Amino acid sequence: MMSSACLTQRASAGLSLTGPPLAPEAILHAHLRIARPVSNLARTERMYRDALDLSVLARFEDHDGFSGVMLGRDGLDYHFEFTHCPDHPIAPSPTPEDLIVFYLPDRPEWEAACARATEHGFMPVTSFNPFWEISGQTFEDADGYRIVLQNGTWR
């Protein structure tokens, strides 16, 4: 294992342990996939699709034992991938600070989104970090993963 001094020296020289540093523009054009194992794929698909007004972008069945669904919207730079493997189930293990935050600056839109989340099975919970209670609502899905619907902009 490298010493912290060696790691600091490599980092300050722009070196990484896995290869050359990425050019800043590479990250700017990246597409983000948020991948999570779930205990019930159909339930999770319905919850996220209907509560967050997402579409099924792709799905796969029994691919090397895994089934999954990708939810998002055309034109967005992110999507969710939820997977389930019945032969080797992984118990979801989120913490109260594992959050996906959606910023909704329009108050009526935010209120409607909060109502949809509850209607489709998300449970309102008190956020571990009190910041999210100021202008938002934290919700937990059936596996304990949390989303925050924040009434505001991210900046």
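Name the helices (runs of 4 or more DSSP H) wholly within the stretch 1-81 that hold at least 2 residues that are more than 25 Å from L149 (Cα to Cα), modelled with pLDDT under 70 and out of contact with any Phe, Trp or Tyr (no Cβ under 6 Å at 6 or more places or on another chain)? Before you say what the answer is, go through the steps one by one.
Details: elements: 4-12, 24-28, 41-51.
Result: 4-12, 24-28.
Which one of A51, A91 is surrounded by 14 or more Cβ atoms within 10 Å (Cβ to Cβ) and in contact with an Asp or Glu (Cβ under 9 Å, 6 or more places away or on another chain)? Spell out the reasoning first.
Numbers: A91 fails: surrounded by 14 or more Cβ atoms within 10 Å (Cβ to Cβ).
None of the other options fit; the residue is A51.
Scan the stretch 102-155 residue by residue and report those that are under 16 Å from the mean Cα position of the chain (by Cα), surrounded by fewer than 18 Cβ atoms within 10 Å (Cβ to Cβ) and either among the charged types (D, E, K, R) or assigned to a strand (DSSP E or B) (or both).
Hits for the stretch 102-155 are F102, Y103, E140.
Test T138 against the criterion of being out of contact with any Lys or Arg (no Cβ under 9 Å at 6 or more places or on another chain) and either among the polar types (S, T, N, Q) or within 29 Å of H84 (Cβ to Cβ) (or both), and give yes or no. If you could, list the steps in order and put the result at the bottom.
Values: out of contact with any Lys or Arg (no Cβ under 9 Å at 6 or more places or on another chain): no; either among the polar types (S, T, N, Q) or within 29 Å of H84 (Cβ to Cβ) (or both): yes.
When the stated conditions are applied, T138 does not pass them.
Being on the phi < 0 side of the Ramachandran plot and without any contact (Cβ under 8 Å) to a residue 12 or more places away in the chain is the requirement here; does A112 meet it? Can you show your working first?
On the way: on the phi < 0 side of the Ramachandran plot: yes; without any contact (Cβ under 8 Å) to a residue 12 or more places away in the chain: yes.
The answer is yes for A112.
The values are calculated or read from the model by the stated rules, or taken from the named source; none is laboratory data. None of the values given here were measured: they were computed from a predicted structure. No Cβ is skipped: glycine too gets one built from the backbone with ideal geometry, and neighbour counts run over all protein chains shown.
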